[in-house]
1. May I ask you to derive the relative contact order of the stretch 210-281, considering only C-alpha pairs under 8 Å and at least 6 residues apart, and to give it as an integer percent?
2. Under 5 Å between amide H atoms, partner at least 5 residues away or on a different chain: which partners does VAL191 have, H built in plane at 1.01 Å?
3. Modelling each spin label as a point 7 Å along the Cα-to-Cβ direction, I'd like the HIS36/ASN109 distance in nm, to one decimal.
4. Mind checking which aspartates and glutamates have their C-alpha under 12 Å from LYS221, skipping anything on the same chain fewer than 8 residues away?
5. Remind me, relative contact order of the stretch 38-191 in percent, using alpha carbon pairs under 8 angstrom and six or more residues apart?
6. Calculated FRET efficiency, THR283 and HIS45, Cβ-Cβ r, R0 45 Å, to nearest 0.05?
7. For Cα pairs less than 8 Å apart in space and 6+ apart in sequence, what is the mean separation divided by the residue count of the stretch 70-113, i.e. the relative contact order in percent?
8. Going by Cα centres, the stretch 52-105 and the stretch 135-199 are how many Å apart?
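A short reminder: the numbers here are calculations on the coordinates, not readings from a lab. Keep in mind that what you see is a predicted model, and the values were worked out from it rather than measured. We place every Cβ from the backbone using ideal geometry, glycine too, and count neighbours over all the protein chains shown.
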Amino acid sequence: MRTIRLLCALVLACSACSAPADDKPCTAGFTCTTLHVPLDRQQPHGQSLDLAVIAADNVDAPRGVLLLLTGGPGQPGVPLLPSLKRNVHPDVLREYRLVMLDQRGTGPNGINCPALQETVGGSDFLTAPPTAVDECAQRIGTGLGYYGTPDTVDDIEQLRQSLKVDRLTLDGTSYGSFTAAQYGLKYPDHVQSLVLDSVVPHKGFDPMGVDLMAATGPVLKAACRQDPRCTTDPVADLAWLVQHGVSGTDLMESLSVASLNSVNPTLKGIPATLHAARNGDDTGLKELFQQTTSKGLAYGTLSAGLHMATLCSDLRFPWSGNPSARQLSTTPYDGWTRSGCTRTT
């Protein structure tokens, strides 16, 4: 029970490792290193990537290593540690050795595609111009097919070996939950436990987001029920706005961003904003779009290039393409053909 309480408190809230990274300040009580990983694990002596790692100094923590995995895909880990550390229960910090890493393609040394950052940022809904996609593919070059979840899973295994521990406790949020689950499926003997928050399913996931759109109505109605001042029908208002020219994509983007814990998870005030826009006052709606957009997000905060490269590599879409040589553990995206993100060998 003590272990469960510790992990719940968290939710509420080397040969491969080099010496501490040069000229990079590290949080007090932690050591910053660099994990050198091969771009292509079939060519271990070929091109490599340097992944930033930060690990607590309590090497002999009673419950071993706790690896926190961020979301996106595209979000770094190391820059977020100071803020996450403040939200972690002191018992967790004492009992576990806290570790985070910048997954391949993320962080200050990650994939930077300026046109993608400007037009879509970290959005799962906005559509990037073809020229921005082509420009990003050219920047990534022949490494395009090596930024999928299976690559990150093997990076985590290399990190485990470099930390010289037999098992990891993995805590993943959003896309991080998917990565953690995939690691557990491939390396079950090296998992102490999994903590999965805002879970992305590893099977049956619909890349077109039909299930998300279908859930919008019930979520808006629930938000209205929680607000005594809400006497309108936000679902009818939303439908009317889309039918009369307001971008449904922009609305989905704003509702998705607003629902984040750090923004407005209860969607307070949004039903009133939708109703006002339907009645001719779109001031609040314009402000909502401006405040909840992913456009222009810095690549160090969430790499749009990595985001797109990973989804392109992992997902199966309803159009043809050359199948990737790699496979995720299990068959998570039943019924689709793989996209056209391929490796160059």
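1. Relative contact order comes out at 39 percent.
2. For VAL191, whose amide H was placed from the backbone, the distant partners under 5 Å are LEU168.
3. Roughly 1.0 nm, to one decimal.
4. ASP233, ASP237
5. Relative contact order here is 29 percent.
6. So, using R0 = 45 Å, E works out to roughly 0.15.
7. 54 percent
8. Cα centroid to Cα centroid, the span is 14 Å.
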